Amino acid sequence: MSLKHKFLIIFFIFIFSFIMGSTSIYAQNTIYFNGENISGNISTVSVKGELLVKATDLAEMLNADLKWQPALKLLEMEADDVKIKLMANSSYIQIKNDAIRTKAGLQLIDNQAYLPLAKAIEAFGYLLEYQRDNEELYIFQPETTISNVSWQEDGNQLQIKMDEITPYRILHSDDGKELTVEIDKAEIDEEFSDNISNNNYYLKVVNVPDKALLRLIIRSRNSIPFKIDGGVYEKEDALILSFLPQLKKIYIDEDNTFAVEATGKIPEADIEYLSDVRKMIIDIPSIVIGEYELDIEKNSFIKDVSVRQHNLDPVVLRIEVETLGNKPLQPIIDPQKQKNNVLSFKEGEKTIIRDLAYNSGQLSFKSTAHIDPEAFLLSQPPRLVVNLFNAQRGDNILDEINVDDSQIEKIRTARFDEKTVRLVADLKELTGYQISEKQEEGYYSYIISLQNKFSKVSTEDTADFKNLNIALTGSTDYEVKKFTHPHRIVIDVKNAYNNLDELDMPANGGLIKEIRSSNYELEGEKVTRLVFELDKYFSHTIKKSDDGRLINIALAKSADAAPDEPMLIAAPKNNLIIIDAGHGGFDPGAIGYTGLQEKEPNLAIAKKLAEILDNKGQKALLTRNRDKFISLQKRVSTANEADAELFVSIHANSINNNTAGGVETYYNGNNNNSRLFAEKIHDKLSRSLGIIDRGIKKDNFYVIKYTKMPSVLIETAFLSNPREEKLLRSPEFHSKAAALIADGIIDYLRENGGR
Ligand code: ZN
């Protein structure tokens, strides 16, 4: 039929309806029933804005029995034990004992009964999806039934049990207090149950009929820190959402122990005693406040406790305790570590200090209980003073230890007052320091590391090599790395003061283009980074002196200059690089501030990355090259079965705090080279992507945990941050991120081509 004819017919029907005195309008929807276009077999009209379907057509479609009682003007339709009744001139549909209100009700048009389509098919257990933009209607049976939503593992995991997993997405509100799980083509089981609602949470189930989806809305009194990446996984016929453990209870038990209990493992807390001994601050990372019980009545030593969520990115719970007496609360070490969800404190007895020792820049001692050393520097003469409160000296502590090395002359100990033991280190010159604490079986061990300084940086030429000599004041923990674009040797030194400005540096020239330094953070540790930027590079070897204070790097001056030992640097092997665009298909990943779905920028960046690598002569394979769902297992098996050389997963971040932003690179201990691989990539991203550097982190994301080759997961930017969501929409940002990741991959391959 030509368009013109179709239009004429529509026109006549319209006129005809008008003359008949009815307000019904021929409806132009395309209707699909269980995926099949049935528009030709079904007549519909629109009355009062509601779509009505001819009763006989609907009965045929649903295979239902139809009964019409002319005297009562009553229509009955029955299928699969469901019976609905409608009466002319009434806007209600009666289903069992319920009456559902519709806009138009039963209409008699041209001697035919018409009834509201959406409400009628819903009554028979079908779902309707209406796509407004192209006037298409989809009618189908639900593909999954949700039977139960329940907390598992004491509230750290939420399990959504359903027949089978259908497309879903997770959204969070701006204030982070609401999490919505949208599940497509889902219905709620008649016997549905949940155990969500408690003091802190409640669950609301919302059916969105014209979108054929179900919303499980989980609302909390407090913000629920939740990350889609790593926070959602599918387990057989259930969807599992992982939450951080919550604070559960603060109480005092029979033997006067002050205890903090969470619903899951409590990580190591940071404890600080304020100058007033009666106040202490306990900062616990990765614990959420939740709705907890506070039971500190009837006790003789605690005056007050206050709790708050100190920070959400990263998550930190802060507990402030005010005590009554003079004895500070001290954490109790549980050697068995049986209750890792409880942190306990006792009123401190006097701690005994023992095993005071000094070894190349490190002063160490042990204590029978946790203490909070108060350290400060004094000049004239230069010395480091450490006060240990509520402590006494053990048998083996001497009054004086003579050291006389490059940093320290001697260490003295004395009882300063009733409660305090004082350690004094007489220094050669003032220097920084760092205190670390370690729990060991039955005691705490403390190390005060005097900060390293660079004492000399020099170069020395031989016929074949240029030697870089770096000397430090103390024994050092360092790593030497080689990066390219430009070629450079990087020396990362931990716990070192960056005094390089004060030293005479070797002149540029020879192989050396430039020498510079920076302060850098690697996995949360501060490092001083010394960089030798090179004009040319052939190979290098590293030597370390026995006392650990000297680093020697020999740079070959030509390709012929044979190093002492064979180099492990291999030429690019042109092996397979797997590029994994996170999420896809029905799994959108995180949803951005204005609705951008994570799967889109992930794919855009991944495709550009593959193209760049291809142009550079590398073999790259995408786990998905279009908007398609691929399970995590499949992504991993693709990489492992292909025996790929490298694996790069591209994601975008989201957190319920729209100010958080930046780029981060994750690795796992799956392969010894993963961290180095992460560093090579993050080096490029952090320097040039133009957003905050959130650092390199270690985590257990599925795809980087189970892939066997060096693998990284990159969270390019934050979708929850409006500015960064805008970047994630822009092709320029996709290209920039892809180019930087490619540079990092090539950099890594240049030096680590051989596994
Ligand atoms: Zn993701």
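The values are calculated or read from the model by the stated rules, or taken from the named source; none is laboratory data. Quick caveat: nothing in here was measured; it's all calculated off a predicted structure. Please note: Cβ atoms are built from the backbone with ideal geometry, for glycine as well, and neighbour counts cover all protein chains shown. Calculation scope for accessible area: heavy atoms of the full protein, side chains included, ligands and nucleic acids excluded. Shrake-Rupley method; radii C 1.70, N 1.55, O 1.52, S 1.80 Å.
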Taking the dipole of the range 78-170 about the Cα centre (Lys, Arg +1; Asp, Glu -1; charges at Cβ), the one of Ile84, Ile109, Gln141 that reaches farthest to the positive side is Ile109
Sequence-distant residues sharing a close amide H with Lys185 (under 5 Å, placed H) | Leu213, Leu214
Considering the options Ser360, Val403, His310, tell which one lies farthest towards the positive end of the dipole of the chain, charges being +1 on Lys and Arg and -1 on Asp and Glu at the Cβ, about the Cα centre.
-> His310
Among the GluC sites (Glu not before Pro) in the range 168-256, which ones are in a DSSP loop with at most 16 other Cβ atoms within 10 Å of the Cβ? Mind listing them?
-> Glu236, Glu254
Part-to-part distance (alpha-carbon centres) for the range 460-515 and the range 123-152, which is given in Å | 64
Specify, per residue and in Å³, the volume enclosed by the convex hull of the alpha carbon atoms belonging to the chain.
-> 217
In order through the range 290-303: 3J(HN,Hα) via Karplus (6.51 cos²θ - 1.76 cosθ + 1.60), integer Hz, x for Gly, Pro = x, 9, 10, 9, 10, 10, 10, 6, 6, 9, 9, 10, 10, 8
When the dipole is taken about the Cα centre of the range 576-752, and only Lys, Arg (+1) and Asp, Glu (-1) are charged at their Cβ, what size is it in debye, to the nearest 20?
-> 100
Residues with amide H under 5 Å of Asn499's amide H, sequence separation 5 or more or different chain, H placed in the peptide plane at 1.01 Å from N; which?
-> Phe454
May I ask for the net charge around Ile397, where only other residues with Cβ less than 10 Å from the Cβ of Ile397 are counted and Lys, Arg are +1 while Asp, Glu are -1?
-> -1
Rounded, prolate or oblate: pick one for the range 144-242, where a ≥ b ≥ c are the square roots of the eigenvalues of its C-alpha gyration tensor, a/c under 1.5 means rounded, and failing that, prolate if a/b is larger than b/c, else oblate.
-> rounded
Quick one: of the DSSP bridges fully inside the range 576-752, what percent are antiparallel, nearest 5?
-> 25
What helices does the chain hold that run 18 Å or longer along their axis, going by alpha-carbon atoms, with a Kyte-Doolittle average of 0.0 or more, using DSSP H for the helix calls?
-> 3-19
Net charge, Ile100 excluded, C-beta distance under 12 Å - Lys, Arg +1, Asp, Glu -1 | +3
Simple Cβ-charge dipole of the chain, Lys/Arg +1 and Asp/Glu -1, about Cα centre, in debye nearest 20 = 1500
Treating cross-link reach as a plain straight distance, find the lysines whose alpha-carbon is under 20 Å from the alpha-carbon of Lys599, omitting any fewer than eight places away in the same chain.
-> Lys227, Lys607, Lys608, Lys628, Lys634, Lys726, Lys736
Return the calculated 222 nm mean residue ellipticity for the chain, to the nearest 500 deg cm²/dmol, obtained by summing -39500 (n - 2.57) across DSSP H runs with n ≥ 4 and dividing by the residue count.
-> -4500 deg cm²/dmol
What ³J(HN,Hα) values, in whole Hz, does the Karplus curve 6.51 cos²θ - 1.76 cosθ + 1.60 give for the range 201-209 when θ = phi - 60°, with x put for Gly and Pro?
-> 10, 9, 10, 10, 10, 10, 8, 10, x
Furthest towards positive pole of dipole, Val208, Met162, Phe243, structure part the chain, Cβ charges | Val208
Excluding residues on the same chain fewer than 8 positions from Lys303, give the lysines whose Cα lies under 25 Å from its Cα.
-> Lys248, Lys249, Lys279, Lys327, Lys346, Lys350, Lys419
If you keep only loop residues by DSSP, which GluC sites (Glu not before Pro) in the range 338-443 have at most 10 other Cβ atoms within 10 Å of their Cβ?
-> Glu418, Glu441
Of every hundred units of 1.4 Å-probe accessible area on the chain, the number belonging to carbon and sulfur atoms, as a percent, is 46
How large is the accessible surface per residue of the chain, computed with a 1.4 Å probe and reported in Å² as a whole number?
-> 48
Any aspartates and glutamates whose Cα falls less than 15 Å from that of Lys698, other than same-chain ones fewer than 8 residues away, would be Asp229, Glu521, Glu523, Glu525, Glu664, Glu679, Glu715
Taking square-rooted eigenvalues a ≥ b ≥ c of the alpha carbon gyration tensor, is the range 240-296 rounded, prolate or oblate, where a/c under 1.5 means rounded and, failing that, a/b exceeding b/c means prolate?
-> oblate
With a cut-off of at most 10 other beta carbons within 10 Å, and DSSP calling the residue loop, which trypsin sites (Lys or Arg not before Pro) in the range 100-169 qualify? Please list them.
-> none
Can you work out ³J(HN,Hα) from phi for every residue in the range 210-221, in order, using Karplus 6.51 cos²θ - 1.76 cosθ + 1.60 and θ = phi - 60°, giving whole Hz and x for Gly and Pro?
-> 6, 10, 6, 9, 10, 10, 9, 9, 9, 10, 10, 5
Within the range 247-347: Cβ-based charge dipole about Cα centre, in debye rounded to nearest 20 (Lys, Arg +1; Asp, Glu -1) = 100
